[in-house]
Amino acid sequence: MSIITLTTDFGTKDHFVGAVKGTIYSELPDAKIVDISHHISPFNITETAYILRNAYKSFPEGSIHIIGVDSELNAEIKHIALKLDNHYFICPDNGVISLLASEIKPEKIVEINIHDYIETSFPVLDVFVKVACHIARGGTLEIIGKIIPEFKKMIELHPTIGTGNNSISGNIIYVDNYGNSISNISKKLFQEVGKGREFEVIANKYTFSKIYTKYCDIVDFTLPKEQRQKDGSKLAIFNSADYLEIAMYRSNLNTVGGAWSLLGLNYRDIITVKFK
Amino acid sequence: MSIITLTTDFGTKDHFVGAVKGTIYSELPDAKIVDISHHISPFNITETAYILRNAYKSFPEGSIHIIGVDSELNAEIKHIALKLDNHYFICPDNGVISLLASEIKPEKIVEINIHDYIETSFPVLDVFVKVACHIARGGTLEIIGKIIPEFKKMIELHPTIGTGNNSISGNIIYVDNYGNSISNISKKLFQEVGKGREFEVIANKYTFSKIYTKYCDIVDFTLPKEQRQKDGSKLAIFNSADYLEIAMYRSNLNTVGGAWSLLGLNYRDIITVKFK
Amino acid sequence: MSIITLTTDFGTKDHFVGAVKGTIYSELPDAKIVDISHHISPFNITETAYILRNAYKSFPEGSIHIIGVDSELNAEIKHIALKLDNHYFICPDNGVISLLASEIKPEKIVEINIHDYIETSFPVLDVFVKVACHIARGGTLEIIGKIIPEFKKMIELHPTIGTGNNSISGNIIYVDNYGNSISNISKKLFQEVGKGREFEVIANKYTFSKIYTKYCDIVDFTLPKEQRQKDGSKLAIFNSADYLEIAMYRSNLNTVGGAWSLLGLNYRDIITVKFK
């Protein structure tokens with residue numbers, strides 16, 4: 001039995017998530033449903049892509065991922081289902097897949113066409129769940145849609161490389177639970193462009209000459225305890241998803257704040273790496 | 001094995017939900033537990049009823065729904081278990097069921113009487129879970145309670161119909177994750193009273209002459225993109241639960257606000273439909 | 001198949017929890033994963049201990065509890081796995097276990113040493129999950145670590161007893177979902193020291209001469225309804241976890257506030273019981 005995951009902007013207070021799960025269990029009593037996130041900022045597909053990109057690969061191949069963000073069908077945004085990287089995705093064709101996996105060629109994409117006999121204002125429940133259960137039972141994509149050659153591309157918020165390969169300019173694409181500001185500059189891109197040169201990371205009015213790989217590497221543990229208080233210190237790090245992140249060591253968003261609030265590094269803000 | 005759902009005001013930070021699930025798994029290792037919501041406003045049974053009413057029907061018949069909101073036993077509020085619409089509910093007898101399913105006659109109601117040998121300040125864990133596991137194992141209601149003829153009625157916050165069937169006056173009963181304000185005026189009531197007449201919806205100082213069935217229907221997709229910016233426009237809609245809702249198109253409660261905050265349409269506020 | 005529980009400060013928006021669950025299901029398709037809490041205040045091990053202490057005992061013996069709070073490996077904080085009270089815990093050796101179960105002797109403790117071949121900045125996913133799956137498959141602790149005699153002790157925030165056994169002085173260690181302020185003074189300690197004497201509870205500038213066992217016991221149900229409004233009244237109670245708590249009857253943290261905000265009883269604040 002396949003796993004069905006849910007990534008939505010429904011929140012967890014309303015009845016939406018419960019209704020979706022009840023409908024899945026009604027169709028597939030043995031389904032294994034996993035919440036990835038229901039706290040995506042409303043309609044934000046950049047956040048959706050960041051979160052799902054860093055979660056879906058942990059699941060077994062053949063898992064089915066429902067994306068319930070900005071999913072209302074309209075004259076321009078269709079619903080699609082696709083097989084990509086040996087996982088299935090069911091989502092609106094609004095560009096989210098291009099942000100999630102731009103470098104991987106999908107094996108098959110269909111435009112879902114079971115709407116003809118479904119009138120709905122809650123497509124995740126009435127359409128996406130039906131498609132997910134169909135796939136989980138071993139059904140093919142062609143049964144629930146017609147093959148299309150590609151999904152919609154969204155090109156905003158991709159990092160750009162400066163003249164002479166001397167810089168990378170990216171954006172903050174996500175602020176995490178600790179208030180850390182995460183950019184779209186990957187370790188891979190950094191290494192490809194930088195080729196081991198020295199560098200400076202510039203974010204707002206702050207500069208960093210080192211990028212850590214563990215948060216606690218900013219602490220010198222050879223010093224006596226009272227001389228090494230680093231809580232609240234800012235640092236640049238390649239985070240566990242291998243993206244360049246500006247963090248505050250052991251900070252607390254609910255009390256003192258995080259990199260986001262203290263350094264003023266919000267969604268879409270620019271972050272630059274200058275190579276020497 | 002039956003599904004056991006949880007609808008509570010416990011929040012998800014404290015140990016309460018974890019302890020309840022651990023207790024269920026200790027009694028029934030194969031139980032399937034589904035969270036409907038743990039973010040009900042403390043002690044708010046109107047919210048509880050709205051959320052559970054719109055979620056429970058999606059679950060398979062025979063599912064068991066635990067309601068952990070305002071559930072402390074006292075001299076006036078007893079604990080009940082009932083079978084209604086082929087689902088089981090375990091809850092305090094505080095009126096919540098009358099808000100949830102006033103139009104459906106319960107098949108059987110019992111006042112739970114296993115308290116005689118249970119001393120507890122956490123009845124959801126010590127009483128409701130025991131009753132749920134008993135039912136899940138196929139036990140009858142008579143074993144854990146004594147039959148009573150009816151549950152407590154709560155009459156507040158029901159819509160009223162004006163003289164000559166010329167209006168319906170209701171209240172905002174829920175504000176959802178998108179900040180949309182949802183009334184207790186159902187599509188069914190609207191159609192029964194209105195009989196196809198023209199109408200005006202009045203909420204605070206705003207009026208609406210149309211009720212949509214999809215949010216994006218307010219957008220004219222024949223216009224060029226730059227002329228059709230409707231984000232943040234207000235609209236009246238019958239939502240996916242078929243209740244009259246005042247919404248802001250693609251609004252974000254965390255940034256600009258929602259219908260709730262921008263139009264001043266809060267819990268208990270009045271909303272009126274005038275027929276012509 | 002063992003249950004694996006998760007107690008973290010990851011929040012539920014980011015990809016962390018989804019990635020951890022996906023990894024567990026990839027290794028153990030039949031795993032039963034239960035969220036205890038993902039909303040621990042960042043890096044707060046006192047909160048972690050309070051929540052997990054009150055939840056883990058509800059789970060069946062043999063359950064495996066992953067603690068993902070402040071879990072980065074560094075020169076001074078190692079990762080440990082232990083069997084205690086017939087449950088397994090996998091966590092950083094930062095004192096959290098001493099707050100969680102100071103009075104129970106662990107059966108076996110190992111310092112996890114599978115890091116030698118794992119380079120990671122996300123140890124919960126890369127290390128703790130591996131250890132949990134190993135234990136769930138029936139593996140022994142010795143395979144994934146080397147036996148150590150004890151875990152780190154944390155001595156702060158334990159209640160102290162005054163001269164002549166005439167008082168107990170404790171601290172607020174947790175504020176719950178209702179805004180109630182919970183101390184580290186247990187009913188057991190209160191009874192052992194007090195031996196039935198009269199007493200006064202002093203918290204900030206407020207005193208209480210009675211400790212209730214049910215919230216609604218402050219209401220006199222023999223009075224007519226309009227004379228017994230107690231909503232918002234303050235009281236001292238032994239809560240369902242048997243700790244002395246200062247509460248506001250049926251209060252709402254989101255509107256009027258709770259004991260925490262209204263009485264000024266925050267994390268680490270002092271609460272004293274004076275016996276006569």
Exercise. Compute the relative contact order of the stretch C:27-100 as a whole-number percentage, counting only Cα pairs closer than 8 Å that sit 6 or more residues apart in sequence.
Key: 31 percent
Quiz item: Could the peptides C:146-152, B:252-258, A:241-247, A:56-62 be put in order, highest first, of the mean number of other beta-carbon atoms found within 10 Å of their residues?
Solution: A:241-247, A:56-62, B:252-258, C:146-152
Quiz prompt | Charge tally in the Cβ shell below 12 Å around residue C:194, where Lys, Arg are +1 and Asp, Glu are -1, residue C:194 excluded | solution = +3
Quiz item: Using unit Cβ charges (K, R positive; D, E negative) and no other charged atoms, how large, in debye to the nearest 20, is the dipole of the protein assembly as shown about its Cα centre?
Solution: 800 debye
Exercise. With springs connecting C-alpha atoms under 10 Å apart, model chain C as a Gaussian network and identify which of C:250, C:53, C:197 has the largest mean-square fluctuation.
Key: C:197
Quiz item: Of the residues C:182, C:67, C:40, which exhibits the maximal mean-square fluctuation in a Gaussian network model of chain C defined by a 10 Å Cα contact cut-off?
Solution: C:40
Practice problem: For every other residue with a beta carbon closer than 13 angstrom to the beta carbon of residue A:27, add +1 if it is Lys or Arg and -1 if Asp or Glu, then tell me the sum. | Solution: +1
Exercise. Please name whichever of B:252, B:114, B:101 sits farthest to the positive end of the charge dipole of chain B, dipole taken about the Cα centre and charges placed at Cβ: Lys and Arg +1, Asp and Glu -1.
Key: B:252
Practice problem: Please work out the Cα center distance from the stretch A:157-182 to the stretch A:91-115, rounded to the nearest Å. | Solution: 24 Å
Self-check item: Other protein chain Cβ atoms within 10 Å, averaged over every residue that makes up C:208-215
Solution: 2
Practice problem: Determine the shape class of the stretch C:10-95: with a ≥ b ≥ c the square roots of the Cα gyration tensor eigenvalues, call it rounded for a/c under 1.5, and otherwise prolate if a/b is greater than b/c, oblate otherwise. | Solution: rounded
Quiz prompt | Per residue accessible area in Å² of chain B, where ligands, DNA and RNA are left out and the probe is 1.4 Å | solution = 41 Å²
Quiz item: For the modelled label position 7 Å from the Cα of residue B:143 along Cα-to-Cβ, which residues of the stretch B:80-103 have backbone nitrogen atoms closer than 12 Å?
Solution: none
Quiz prompt | Cβ neighbours within 10 Å from other chains - mean over C:4-14 | solution = 5
Quiz item: Assuming a viscosity of 1.306 mPa s and a temperature of 10 °C, what translational diffusion coefficient in µm² per second does Stokes-Einstein assign to the stretch C:65-145, Rh being the Kirkwood radius over Cα pairs?
Solution: 125 µm²/s
Practice problem: Report, largest value first, the span of the C-alpha coordinates of the protein assembly as shown along each principal axis, in whole Å. | Solution: 85, 81, 48
Quiz item: Can you give the average number of partner chain beta-carbon atoms within 10 Å of each beta-carbon in peptide A:29-38, as a whole number?
Solution: 5
Self-check item: Ranked by how many other beta carbons lie within 10 Å on average, peptides C:185-193, C:31-39 from highest
Solution: C:31-39, C:185-193
Practice problem: Could you check which residue among B:96, B:17, B:124 shows the biggest mean-square fluctuation in a GNM of chain B with a 10 Å Cα cutoff? | Solution: B:17
Quiz prompt | Prolate/oblate/rounded label for the stretch B:129-194 (Cα gyration tensor, a/c 1.5) | solution = prolate
Quiz prompt | Local net charge near residue C:17, Cβ-Cβ under 10 Å (Lys/Arg +1, Asp/Glu -1) | solution = -1
Quiz item: Given A:130/C:21; C:57/C:152; A:57/A:276, which pairs have Cα atoms separated by over 27 Å?
Solution: A:57/A:276
Practice problem: Quantify how much of the Cα-Cα distance distribution of the stretch A:222-261 extends past 15 Å, in percent. | Solution: 50 percent
Quiz item: Using alpha carbon centroids, what distance separates the stretch B:124-151 and the stretch A:5-29, in Å?
Solution: 26 Å
Practice problem: Determine the relative contact order of the stretch C:61-182: mean sequence separation of Cα pairs under 8 Å and six or more apart, normalised by residue count, in whole percent. | Solution: 23 percent
Quiz item: How fast does the stretch B:120-160 diffuse by Stokes-Einstein, in µm²/s, taking the Kirkwood radius from C-alpha pairs at 20 °C and 1.002 mPa s?
Solution: 168 µm²/s
Quiz item: What helices in chain C pass both tests, a Cα length along the helix axis of 27 Å or more and a mean Kyte hydropathy of 1.0 or higher, using whole DSSP H runs?
Solution: none
Quiz item: Rg and Dmax of the stretch A:157-213, Cα atoms, in Å?
Solution: 11.7, 37
Quiz item: Interface A/C, total buried accessible area with a 1.4 Å probe, nearest 100 Å²?
Solution: 2700 Å²
Self-check item: Using alpha carbons only: equivalent-ellipsoid semi-axes of the stretch B:1-157, gyration tensor based, whole Å
Solution: 20, 18, 17
Exercise. With the Cα gyration tensor of the stretch A:91-245 in hand, give its eigenvalues times 5 under a square root as the equivalent ellipsoid semi-axes, listed largest first in whole angstrom.
Key: 43, 20, 13
Quiz prompt | Relative contact order (%) - chain B, alpha-carbon pairs under 8 angstrom, separation at least six | solution = 15 percent
Exercise. Would you list which aspartates and glutamates come within 20 Å of residue C:32, measuring only between C-alpha atoms, while excluding same-chain residues fewer than 8 positions from it?
Key: A:30, A:35, A:61, B:27, B:30, B:35, C:61, C:126
Quiz item: How high is the FRET efficiency from residue B:256 to residue A:231, r the C-beta distance, R0 30 Å, rounded to 0.05?
Solution: 0.30
Self-check item: Convex hull per residue volume in Å³, alpha carbons only, for the stretch C:164-276
Solution: 106 Å³
Quiz item: Nearest 0.05, what FRET efficiency do residue B:158 and residue B:76 give at R0 = 25 Å with Cβ-Cβ as r?
Solution: 0.70
Quiz item: Which percent of Cα pairs goes in each bin when the distances of chain B are cut into 5 angstrom slices starting at zero?
Solution: 1, 5, 12, 15, 15, 14, 11, 10, 8, 5, 3, 1, 0, 0, 0
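The values are calculated or read from the model by the stated rules, or taken from the named source; none is laboratory data. The structure presented is a predicted model; accordingly, all values stated were derived computationally and were not measured. Here Cβ is always computed from backbone atoms with ideal geometry, including for glycine, and neighbour counts include all displayed protein chains. Surface accessibility is based on the protein's heavy atoms, side chains included, excluding ligands, DNA and RNA. Shrake-Rupley method; radii C 1.70, N 1.55, O 1.52, S 1.80 Å.
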